[in-house]
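Heads up, the thing below is written out as structure tokens.
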């Protein structure tokens with residue numbers, strides 16, 4: 001495992017992210033929860049997963065999250081922390097849901113969306129009783145499973161370039177009607193790869209995710225690839241902020257060009 005302090009320093013140096021990376025750890029044993037970790041219920045109610053992620057990165061709190069702390073039905077169903085009542089047809093019910101919610105125009109289109117890659121339909125789930133979520137820099141989680149980094153499109157591009165440098169394969173991005181929490185928290189573990197997730201409607205409304213923000217998520221086993229790629233590609237000239245080419249002779253609008261004809265150059 002890469003040293004956490006060094007990882008955070010490298011991310012901050014080469015990406016200049018506005019909010020700290022998030023560490024996620026799936027757990028079954030709740031007897032040894034790190035000190036200072038809170039439950040969402042301490043704020044008086046249930047939340048959506050996306051809210052918790054935003055509180056962690058914007059307020060610096062650390063949480064242990066169990067199914068009873070979450071009231072986002074789509075998240076609970078996609079994570080395997082809930083199921084439909086016996087006798088109901090999942091695909092029919094999910095199709096009704098996405099149409100009634102205004103996500104998809106009609107049932108026929110909904111059925112096309114609810115293929116084997118839909119978070120709602122994927123059979124393989126994370127079998128864990130709880131999830132610990134904390135700022136990576138807090139070192140509350142010493143051995144995270146997944147790291148999530150929010151940033152703008154240019155920062156996403158830099159992380160994608162870093163992974164391509166280290167591993168060759170392009171980093172895939174996804175945009176669906178929602179359930180971006182699944183893409184951020186589960187896909188990296190199940191598929192052992194980095195992904196770029198586009199926050200959905202709920203994440204923008206409930207979690208206050210900015211219009212210019214996307215999420216880059218990777219299993220911790222890929223962290224060295226990201227850090228090495230960021231460092232070396234930066235040294236090779238691919239940087240954030242982007243180095244714009246400024247070595248050219250500019251052209252100007254008419255008023256300036258007319259004034260230029262009236263100028264008298266000073267003798268050197």
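Which of the residues spanning the stretch 5-50 are more than 22 Å from residue 156 (Cβ to Cβ), within 19 Å of the chain's Cα centre (by Cα) and in contact (Cβ under 8 Å) with a residue 60 or more places away in the chain?
If the condition is that a residue be more than 22 Å from residue 156 (Cβ to Cβ), within 19 Å of the chain's Cα centre (by Cα) and in contact (Cβ under 8 Å) with a residue 60 or more places away in the chain, then 25, 26, 48 are the ones that fit.
Would you mind telling me which numbered condition in (1) touching a residue at least 12 places away in the same chain (Cβ under 8 Å); (2) in a helix (DSSP H, G or I) residue 92 fails?
Evaluating residue 92 over (1) touching a residue at least 12 places away in the same chain (Cβ under 8 Å); (2) in a helix (DSSP H, G or I) leaves (1) as the failure.
Report those helices (runs of 4 or more DSSP H) wholly inside the stretch 188-268 carrying at least 3 residues which are in contact (Cβ under 8 Å) with a residue 60 or more places away in the chain.
Hits in the stretch 188-268: 201-206, 223-235.
On the basis of being under 14 Å from the mean Cα position of the chain (by Cα), at pLDDT below 90 and not in a strand (DSSP E or B), does residue 176 make the cut?
Values: under 14 Å from the mean Cα position of the chain (by Cα): yes; at pLDDT below 90: yes; not in a strand (DSSP E or B): yes.
Considered against the rule, which asks whether it is under 14 Å from the mean Cα position of the chain (by Cα), at pLDDT below 90 and not in a strand (DSSP E or B), residue 176 comes out as yes.
Where residues in the stretch 130-173 are touching a helix residue (DSSP H, G or I) at 6+ places or on another chain (Cβ under 8 Å) and in a loop (DSSP other than H, G, I, E, B), which of them is surrounded by the most Cβ atoms within 10 Å (Cβ to Cβ)? Step through it out loud before you land on a result.
Start the filter on the stretch 130-173 by keeping residues that are touching a helix residue (DSSP H, G or I) at 6+ places or on another chain (Cβ under 8 Å), which leaves 131, 133-137, 139, 142-151, 155, 158-159, 161-167, 169-171, 173.
Applying the additional criterion that residues be in a loop (DSSP other than H, G, I, E, B) yields 139, 142-145, 169-171.
On the way: 139: 14, 142: 10, 143: 9, 144: 23, 145: 21, 169: 10, 170: 9, 171: 20.
Restricting to residues being touching a helix residue (DSSP H, G or I) at 6+ places or on another chain (Cβ under 8 Å) and in a loop (DSSP other than H, G, I, E, B), the top hit is 144.
Among the listed residues 93, 108, 66, 124, which satisfies the condition of being at pLDDT 90 or above, over 29 Å from residue 20 (Cβ atoms) and either in contact with a helix residue (DSSP H, G or I) (Cβ under 6 Å, 6 or more places away or on another chain) or surrounded by fewer than 21 Cβ atoms within 10 Å (Cβ to Cβ) (or both)?
Details: 93 fails: at pLDDT 90 or above; 66 fails: over 29 Å from residue 20 (Cβ atoms); 124 fails: at pLDDT 90 or above.
From the options 93, 108, 66, 124, the qualifying one is 108.
Just a yes or no: is a residue in the stretch 16-26 exposed (fewer than 14 other Cβ atoms within 10 Å of the Cβ) and at pLDDT 95 or above? Give the steps one after another, and end with the answer.
Let us first name the residues in the stretch 16-26 that are exposed (fewer than 14 other Cβ atoms within 10 Å of the Cβ), namely 16.
Filter once more, keeping what is at pLDDT 95 or above: 16.
Yes.
Looking at residue 54, is it in a helix (DSSP H, G or I), buried (at least 17 other Cβ atoms within 10 Å of the Cβ) and either modelled with pLDDT under 90 or over 17 Å from the mean Cα position of the chain (by Cα) (or both)?
Against the criterion (in a helix (DSSP H, G or I), buried (at least 17 other Cβ atoms within 10 Å of the Cβ) and either modelled with pLDDT under 90 or over 17 Å from the mean Cα position of the chain (by Cα) (or both)), residue 54 does not qualify.
The values are calculated or read from the model by the stated rules, or taken from the named source; none is laboratory data. Not measured: the values here are computed from a predicted model. With ideal geometry, Cβ positions are generated from the backbone for all residues, glycine too; neighbour counts draw on all protein chains shown.
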